1. Among the GluC sites (Glu not before Pro) within region 30-101, which fall in a DSSP loop and have no more than 16 other Cβ atoms within 10 Å of their own Cβ?
2. Under a Cβ-Cβ limit of 4.7 Å, which cysteines in the chain have nobody to pair with?
3. Which percent of the accessible area of the chain is formed by carbon and sulfur heavy atoms (probe 1.4 angstrom)?
4. What's the extension gain from Leu42 to Glu26 if we count 0.36 nm per residue and subtract their Cα-Cα distance?
5. Whole angstrom only: what separates the Cα centroid of region 1-35 from the Cα centroid of region 39-87?
6. Based solely on its DSSP helices, what 222 nm [θ] is calculated for the chain when runs of n ≥ 4 H residues each add -39,500 (n - 2.57) and the sum is averaged over all residues, nearest 500 deg cm²/dmol?
7. Based on Cβ point charges of +1 for Lys and Arg and -1 for Asp and Glu, what charge dipole magnitude is obtained for the chain about its Cα centre, in debye rounded to the nearest 20?
8. How much FRET efficiency would the formula 1/(1 + (r/R0)^6) give for Asp112 and Asp12, where r is the Cβ-Cβ distance and R0 is 30 Å, rounded to 0.05?
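The values are calculated or read from the model by the stated rules, or taken from the named source; none is laboratory data. A quick note: this is a predicted structure, and the numbers were derived from the prediction, not measured. So basically every Cβ, Gly included, is an ideal-geometry build from the backbone, and we count neighbours across all protein chains shown. Accessible surface areas use protein heavy atoms only, side chains included; no ligands, DNA or RNA. Shrake-Rupley method; radii C 1.70, N 1.55, O 1.52, S 1.80 Å.
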Amino acid sequence: DEVVDALRFTKDGLIPAIAQQFDTHEVLMMAWMNEDAVRETLATGRVCYYSRSRQKLWRKGESSGQVQSLVDLTFDCDADSILMQVDQLGVACHTGRLTCFYKSVRSDGIIDSHDVLIDPNQ
């Protein structure tokens, strides 16, 4: 529990967690973790988040097969944000894109910078 004790969770017991592809350094997604999600991720090596909408642990890829394996976990100087280096199997975004960060701001508006790679309804 050394890691969990070192982290500063919100009053709701959550901490933001950013997933980044370990070899390309592309930022894949941001989600929330609670203490149990951090513990499970460290114990299993498979990334687990906390779903605020479902109010339960969300094991990335448990229904989609788009699994994230933990390569490294670091946290910032204030201990209130987590950065995970992961090995993403398939896409990270529920829209079927590699990354959730695909809305790019340009001088003439917002564009989708990443194509849909898999049908999100599958």
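1. On the way: sites: Glu35, Glu40, Glu62; in loops: Glu62.
Answer in residue order: Glu62.
2. For the chain, the answer is Cys48, Cys77, because their Cβ atoms have no other cysteine Cβ under 4.7 Å.
3. Details: 3640 of 7330 Å².
Using a 1.4 Å probe with all protein chains present, the chain comes out at 50 percent carbon and sulfur.
4. On the way: separation 16, 0.36 × 16 = 5.76 nm, distance 2.16 nm.
Difference between extended and current length: 3.6 nm.
5. With region 1-35 and region 39-87 each reduced to a Cα centre, they are spaced 7 Å.
6. Values: 2 runs with 15 residues, N = 122.
That calculation yields -3000 deg cm²/dmol at 222 nm.
7. Details: 12 positive and 19 negative charges, 95 e Å.
That gives the chain a dipole magnitude of about 460 debye.
8. Details: r = 32 Å, r/R0 = 1.05.
Calculated transfer efficiency: 0.45.
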